[in-house]
Each structure stands twice: as structure tokens, then as C-alpha cells.
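A short write-up of the structure that comes next.
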Amino acid sequence: MTVTATEDIWKTLSRGTAGEHEKLDTSLSALPLHTRAGTAAFITAMAAAVPSVELALCAAAAGTPLTRWAARGRADTLPDAPAKSVEIDGEAAGWGAAYVLEGSRLGGRLLHRRYALLAEQPFFRDATLPSMWAPFLNDLREADQRLCDRDGMLAGALTAFRAFTEAIEPS
């Protein structure tokens, strides 16, 4: 994919991750989230992906403005699961991973409203709080201007999306 510096970084990441995002959405749509079994499968998948991506994000964020977003972790709301190895290499890739994690919060808000069984889960504890998407995008844009590494941001976002998809569809 050609990364152009003239379009908004949000659009670049959205366009560049569209295929992985679609795979994830397709995998999620196969889960019967209106049932206890579907809810359990969803939470198990999140327990396999979220802590691993968050841990990698924290390592990439150390000593950078990204730390603010890395601190918004949700791993403590999930059951323990075996850690998967996720490599987020550098601050730019960390911003890409944070884009996916913050985007998952938006998706979580929709799921929280639609599925009562999911709404009961601690993982969705912030679904009723004001969205942090707009402040996140402002920080992402500033990081884009400072780092000038859209390829790195895209690589981090793709890595995070793949970690989520692999957790739902283990090989």
C-alpha cells in the first residue's frame, strides 16, 4: 500500500488495515454473542489478545507521549490466558497498535449496547464513559507529524489486528 503524507493518518490507517479489519469483523460475527457460550468465546479471545498487545504497546511506549494511551489497559478486566508473543517495534508501531486498541473500545461501545450478556462483562467497564477517540486522534496526528513514520504506524496496526484475529481463530 502506498502511504501518502497528505491524507489524515486516521484515514491512512483505516485504509491500510481494511483487509485485516474485515477479517476480524467476519470472525467476530461468527460468534453467537447473544448466548453465554458466544460471550465466553469472545471474552476468551479478548483474554488471548488484549494483554499481549497491551504489553507490547507498553514496551514500545516507554518514555514517549504514547505512555498516556498505553496506560489505558483493560487486561485486568479479563481472565488469565496464555500470553502470545506480539512484537511492536518502536514508537510509531506503538501508535498503530494503540489505534487498534482504541478502535476496539469504539467497537466495544456498540457491542455493549447490542448484547446484554456482553454488557455484564468487566471488559466493557468503560463503554458508558465518554469516548476518548477524539483526543486519541489528536495525539495520533501529533505523533504522525513528529515521527514521520506512517509505515511503522501501519505495521503496528496490522500486527495488532492480526493478534486479535488469531485469538478468535486459533490455528
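General remarks:
- Candidate set from region 21-32 (those that are of a type in the set (A, V, I, L, M) and part of a helix (DSSP H, G or I)); member that is farthest from ALA92 (Cα to Cα): LEU28
- Against the test of being modelled with pLDDT of 95 or more and farther than 22 Å from ILE9 by Cα, the options THR159, THR128, THR165 yield a single qualifying residue, THR165.
- Helices (runs of 4 or more DSSP H) contained entirely in region 112-168, each with at least 2 residues that are open to solvent by 40 Å² or more (accessible area, probe 1.4 Å) and either of a type in the set (Val, Ile, Thr) or touching a residue at least 24 places away in the same chain (Cβ under 8 Å) (or both): 133-147, 150-168
- Of the candidates SER14, SER52, the single residue that is touching a Lys or Arg at 6+ places or on another chain (Cβ under 8 Å) and under 17 Å from ALA155 (Cβ atoms) is SER52.
- Among the residues of region 33-70, those identified as within 18 Å of LEU140 (Cα to Cα) and part of a loop (DSSP other than H, G, I, E, B) are ALA62, GLY63, THR64, PRO65, LEU66.
- Failed item in (1) at pLDDT 95 or above; (2) in contact with a helix residue (DSSP H, G or I) (Cβ under 9 Å, 6 or more places away or on another chain); (3) under 28 Å from ARG150 (Cβ atoms); (4) of a type in the set (Lys, Arg), with ARG36 passing the rest: (3)
- Residues that are touching a residue at least 60 places away in the same chain (Cβ under 8 Å), within 22 Å of PRO135 (Cβ to Cβ) and open to solvent by 30 Å² or more (accessible area, probe 1.4 Å) do occur in region 42-65.
The values are calculated or read from the model by the stated rules, or taken from the named source; none is laboratory data. From a predicted model like this one, the values you see are computed outputs, not experimental measurements. Cβ coordinates were reconstructed from backbone atoms using ideal geometry, including for glycine residues, and neighbour counts include every protein chain displayed. Note: areas computed on protein heavy atoms with side chains; ligands, DNA, RNA excluded. Shrake-Rupley method; radii C 1.70, N 1.55, O 1.52, S 1.80 Å.
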